[in-house]
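I have placed the structure first, in the form of structure tokens, so that the comments after it can refer back to it.
Read-outs throughout are calculated quantities, based only on the coordinates presented, and are distinct from any laboratory measurement. In this text the structure is predicted, and so the values were computed from the model without any measurement. Virtual Cβ from ideal backbone geometry, glycine too; neighbours counted across all protein chains shown.
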Amino acid sequence: MALRLPRRQRNDVAFELRALLHEELQARAADAGLAADADMATAFLREFGRPEEVAARYRPALTIIDPADGQRFVRATVMGLVILWALGLVDALHQPLGSVSDVLQMLGHWWVGSVLPSLWWPGVLVIAFGLAQWSRRRWPQRAPWKPRDSGRVAGGRTSMVLAMVGIVCGLFVLIEPRWLLDVTLHGHAAAAAYDALTYTDTFRHRQAPWLLLALLLNLPLFAAVIIQGHWTPRLRQLELALGVLTCALMLWTALDGPVFIGEASSSTVKFVLVLLVVMSLGIYGKKLYRRVRPGPSPQAATWRGKSA
């Protein structure tokens, strides 16, 4: 056991532990009315613990990831792996699947090309969380704990202004995406490029007006946040309702007919819309799951009523 300890501790711990074990063994022998022998000593040592376990009691614990960060580490690991595996599966599904052997070959390619290489992600997280824990313990004064305002605006008013600018740019692209070609290529793009970014009449008259309205409604919402300086509970509710509405519109667009005349561009946009819906609903679900409303649970209230 002593060999599993740092060199500077070995002699002291071995001396202390030897005296403790001898004393305990003699006490056990006296209680049993027998002389201590090899069998009794072996049974006592087995109860005392394996050498690795005993050494761990005298050795400082080596913690790479702080227990307080355990759940965050697991969530980040699972979410990252799911995203990497999903992207790899989408890439693998591009090959034709005409038989069972093609499916098995596709799964094998996905396993070797995406699943196994994705293990770099947990390794990076272990290093990142380990460095964060070491930094907090090495310089605790650099990151003192502060109460967190649930209504704070991430990035302050500047982030809200930038978000509004992004929405306005998105409105221009939604109204006429071919403007991107005029701006970037000064109208010298090929005809196929303009066709790839030309809306179908169905999308222009069905989903486009509703998507445009959903984007426009974000502008007064963000303006209210800028004026207030923080998110109020009512503004959070409006944000959630508007976000769910936008997700429903994007999902409707993805499941309906083509968006662009070009098949490739339409398929790409539909994939991006589905990805945005999944990510947005995941964020909203996380916020609802983590929402705290102080008060007794229904089970606790029922139990108190019975006890009264």
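Table for the structure above
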read-out	value
Length added when fully stretched, LEU162-LEU235, from 0.36 nm per residue minus Cα-Cα	24.4 nm
Cα-based helix-to-principal-axis angle, 7-32 vs the chain, degrees rounded to 10	60
Ranking of TYR289, TYR194 by count of other Cβ atoms within 10 Å, fewest first	TYR289, TYR194
Dipole in debye (nearest 20) - the stretch 67-141, about Cα centre, beta carbon charges: Lys, Arg +1; Asp, Glu -1	600
Counting all C-alpha pairs of the chain, share separated by more than 28 Å (%)	69
Paramagnetic label zone (point 7 Å from Cα along Cα-to-C-beta, ASP12; backbone N under 19 Å) in the stretch 37-54	54
Percent RCO, i.e. relative contact order, over the stretch 156-290, from Cα pairs under 8 Å lying at least 6 residues apart	29
